[in-house]
Amino acid sequence: MLQDKIAAVEAKIQEALANRKEPKATGDKVTILAVTKNHPADIVTKTLAAGLTEIGENRVQEAMHKQAVLPPGGNWHLIGHLQTNKARHAVEHFALIESVDSLKLLAHLEKAAAELDKVQDVLLQINEAGEVQKSGFAPEDFRAAVPELKN
């Protein structure tokens, strides 16, 4: 069942890649991120067994609980909003943090990563639409932060 769903998603990805109009870059690759939020830990086990290695969670504590009962494996991504007080736990438990929305949070992550002797991969989140209920740098704040990001 899960294998069939993965195969269907992979087929749609290949179709979309074949039909796109912009030039293709060398080594184009699409990675499926299996988001397991609100699902029990055994779903992660089944997901890994099905060949998906990128696991997404939106809450630090939920990932920590799952990781505590699962054997090591997979590359965990934090896809939800992160509060600065959870930065250290996020660095400890995630390969990629996809929701950095402020310089303050970035500084907390950098400090935690240095303490753990880790290079933490992050993605910056920009709230282009300006939706109040969503996180992310406001576009003008991001542009103002760019010089600071170089440091």
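A few remarks follow.
- Of all accessible heavy-atom area on segment 47-151, the percent that carbon and sulfur account for (1.4 Å): 53
- Residue among GLU15, GLU98, GLU57 with the largest mean-square fluctuation in a Gaussian network model of the chain, springs linking Cα atoms under 10 Å: GLU15
- Using a probe of 1.4 angstrom and keeping all protein chains present, the accessible surface of segment 5-151 works out to 64 square angstrom per residue.
- Using a simple spin-label model with pseudo-atoms 7 Å out from Cα toward Cβ, ILE13 and ALA138 lie 3.7 nm apart.
- Per-residue [θ]222 nm for the chain (sum of -39500 (n - 2.57) over DSSP H runs n ≥ 4, rounded to 500): -14000 deg cm²/dmol
- Nonlocal amide H pairs with SER99, under 5 Å, H built at 1.01 Å: LEU123
- Note on the chain: GNM, Cα springs under 10 Å; of GLN61, GLN120, GLN14, the largest mean-square fluctuation is that of GLN14.
- Computed over the chain with a Gaussian network model linking Cα atoms closer than 10 Å, the most mobile of PRO71, PRO139, PRO40 is PRO71.
- Cα Rg, Dmax (largest Cα-Cα span) when computed across segment 30-151, Å: 15.1, 44
- Residues THR47, THR84, sorted by accessible area with the largest first, give THR84, THR47 [1.4 Å probe; ligands and nucleic acids excluded].
- Pairs of lysine residues in the chain - Cα separation under 14 Å, sequence separation of 8 or more or cross-chain: 6
The values are calculated or read from the model by the stated rules, or taken from the named source; none is laboratory data. Here the structure is a predicted model, which means the values were calculated and not measured. Backbone-built Cβ (ideal geometry, glycine too); neighbour counts: all protein chains shown. Heads up: the accessible areas ignore ligands, DNA and RNA and are worked out on the full protein's heavy atoms, side chains in. Shrake-Rupley method; radii C 1.70, N 1.55, O 1.52, S 1.80 Å.
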